[in-house]
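A short write-up of the structure that comes next.
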Amino acid sequence: MPRKTTNTKAKVADDVAAVAESSELNQEQLLEFYAQMVLIREFEKESERQYTRGNIKGFLHVYSGEEAIAVGAINVLRNDDVVVTHYRDHGQALVKGIEPKQAMAELFGKSTGCSKGKGGSMHLIDADKGFMGGYAIVGGQLPLATGFALASHYRDDDKVTLCFLGDGALNEGEFHECLNLAKVWNLPIIFFCENNLYGMGAPAKDHLAAPDKIYKMSEAYDIPGFRVDGNDVLEVHDLMTKLVKQIRGGSGPAFVEAQTYRIQGHSIADPANYRPEDEVNEWKLKDPIPSFKDWLLANGHATQDIIDQMHQTAEQEIIEAAEFAEQSPFPADEELYTGVYAE
Amino acid sequence: MSTEMTYRQAICQGLTEALDEDPRAYLMGEDIGPYGGAFAVTQGFWEKYGPRRIKDSPLSESAFVGAGIGSAMAGLRPIVEIMTINFSLLAIDQIVNHAAKVRYMSGDQFSVPMIIRTVTGAGASVAATHSQSFEGWYASVPGLYVVVPSTPEDALGLFRSCRELMDPVMFVEHILLYGSRGQVSEGVKIPLGKADIKKEGSDVTIISYSKMVQNSLEAAAMLENDGINAEVVDLRTLRPLDVETIIKSVKKTHRAVVVEETTKFGGFAGEVVSIIQQEAFDYLDAPVERVAGEEVPIPYSMPLEKLAIPDTQRIVSAVKKLI
């Protein structure tokens, strides 16, 4: 089983069901994972640059620091499996198959965006890719995801729905309602909590009655709960490989907590002064990209040249995405009135 | 050819047709299974169609309404029952922020072909939290349809049209109408956005919807004794609103009274009055009157409840003020 040697975070899987099966990734897949993580980071760096230039408006919640989750989890899915998520959705959208050009154009509010410029950063959507959306009301995506899983169950079509939520959404009633509903009807869904330790500016530990037992919150619904290191792409991938297989086989819902950290603030407008410097520095050491790179190098899966090349490729792709977004037209005025109802 | 049936039977027939004709259609809601529905609309459905088509849901309005939305986005045709419109407040985020928005903010990638059936109205002595009429709120949301039938014929005819829509519908039934009877034409299908003149008249237009149409017709009958010939317009759908029929009638009668059950302040009737003054100002011989609920929570005690909601006599009085 491939493991990163540089991981500084203690494994906590001992008190949950053991992650038994290895995902057995080959070298090509490992490098692809790294390339995807770098692509997300470059996308987010560029989106921040474009925000300061005034090309991106409104809210911008970047995924930097959390890339291992999207890459580790979504790569387990089939193209026709479903992802439903929250507003910090860029990274997951890219991994599920939305092109950086279409994602960046959406951030720019351009007609070439994946949602035709009408959704923006928080509502990246590509139904054909099974990326059913970023949703901006905390917890609001959970019932929708439950509905996609219900549709699969109704049709008996063996698709799996992966629903991401943040730690803040754990305190919404919908979390509890949907876990219960999913279990009562044995729906094929994984509720995946990206615990980045803060709900906007509020530390999760101040707002959760049992912040150390998040992964146990599903126990009351008789749904198995797991905790993984969200900065370890291989650990996430291992667990998800096992869960997706079980759920596709009809096991019913599962719940995952992955601990991670936002490198940036809640949104671009947030300098995140509320976070202790020590904490920020500690998590910087756990940045999932350099630690995965070190592991790839140490285990002979990549050379520095290959790594450098992957960074260059990602940078180039993102430059092209930004150029595409900039050159694309805004939606025509008459687009204001289209898509309110079916034509 | 027509058949007499109750409002309940008409809706029951609409649901039966949906389940029999469309394998993508399923029902979901609280106690719609073995219990047969809080208002007995789905009696026998559980036994006939089974738990796959009749999803008897936990008390989780936000979760099951949202699950209906998600399943509609995935291509199913959910018909979701929210036991009363009062409980729709527990699901209003899903209805307003998700069902009504997802087509637009996805750039037209998703449809939400879902019918949400719910029950509005006061007059059943069930006190303040179970007696409200929020259909007007939903009518203010682009992306939703709001249907408010007053007769069995309209209920079935409109329901059949709702099944063909690719966007979410609030199908709002009135708590006091389930037992009301009427003739239902064979094959009736009524498009949304088409008001119905329930009684023709020449002296004043009474505009209403849902249960208040009954009161308006009663008022019109009483006014006949005083030589006043009132026209009664049943809006049937609040969104889309049939402005043309309203304006045509007001231009004919030169007077209008708008009647609704909910509290007056901020009510849907205000929108109707606004449209009349904009589009038919020069035709009006008197200010437009409104008859609506008092600005109070609905009380339990029956004599007080009667004071809180409009009745036939108040409609008669409002008309007489104009003439």
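The values are calculated or read from the model by the stated rules, or taken from the named source; none is laboratory data. Just so you know, these numbers come straight off a predicted model, no measurement behind them. Cβ atoms come from the backbone with ideal geometry, glycine included; neighbour counts cover every protein chain shown. Ligands, DNA and RNA are excluded from the accessible area calculation, which covers all protein heavy atoms including side chains. Shrake-Rupley method; radii C 1.70, N 1.55, O 1.52, S 1.80 Å.
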Just to check your reading of the model, which residue among A:Lys205, A:Lys213 is surrounded by fewer than 19 Cβ atoms within 10 Å (Cβ to Cβ), more than 10 Å from chain B (Cβ to nearest Cβ), modelled with pLDDT of 95 or more and at negative phi?
A:Lys213
Some residue of segment A:305-327 being open to solvent by less than 70 Å² (accessible area, probe 1.4 Å), over 15 Å from A:Glu32 (Cα atoms), in contact with a helix residue (DSSP H, G or I) (Cβ under 7 Å, 6 or more places away or on another chain) and outside any helix (DSSP H, G or I)
no
Restricting segment B:96-149 to residues that are open to solvent by less than 10 Å² (accessible area, probe 1.4 Å), hydroxyl-bearing (Ser, Thr, Tyr) and outside any loop (DSSP other than H, G, I, E, B), which is nearest to the other protein chains (Cβ to nearest Cβ)?
B:Tyr138
List the pairs whose first member sits in segment A:144-163 and is over 24 Å from A:Glu257 (Cα atoms), whose second member is of a type in the set (A, V, I, L, M) and open to solvent by 10 Å² or more (accessible area, probe 1.4 Å), and whose Cβ atoms are under 6 Å apart, counting only residues at least 6 apart or on separate chains?
A:Ala151/B:Ala74
Residues located in segment A:137-147, provided they are within 8 Å of another protein chain (Cβ to nearest Cβ) and open to solvent by 10 Å² or more (accessible area, probe 1.4 Å):
A:Ile137
Tell me which residues, restricted to segment B:73-91, are open to solvent by 10 Å² or more (accessible area, probe 1.4 Å) and more than 17 Å from the chain's Cα centre (by Cα).
B:Met73, B:Ala74, B:Gly75, B:Arg77, B:Leu90
Only helices (runs of 4 or more DSSP H) wholly contained in segment A:48-144 count here; list those with 1 or more residues that are within 21 Å of A:Thr161 (Cα to Cα) and at pLDDT 95 or above.
A:67-74, A:90-96
Could you run through segment B:152-208 and say how many residues are away from every other protein chain (no Cβ under 14 Å) and without any contact (Cβ under 8 Å) to a residue 24 or more places away in the chain?
1
Residues within segment A:164-180 that are within 20 Å of A:Leu197 (Cβ to Cβ) and buried (at least 20 other Cβ atoms within 10 Å of the Cβ), tallied
8
Looking at B:Arg52 and the list (1) open to solvent by 20 Å² or more (accessible area, probe 1.4 Å); (2) within 24 Å of the chain's Cα centre (by Cα); (3) within 20 Å of A:Trp185 (Cα to Cα); (4) facing chain A (nearest Cβ under 8 Å), which single condition is not satisfied?
(2)
Number of the condition not met by A:Ala342 [criteria: (1) within 20 Å of A:Leu39 (Cα to Cα); (2) more than 27 Å from the chain's Cα centre (by Cα)]
(1)
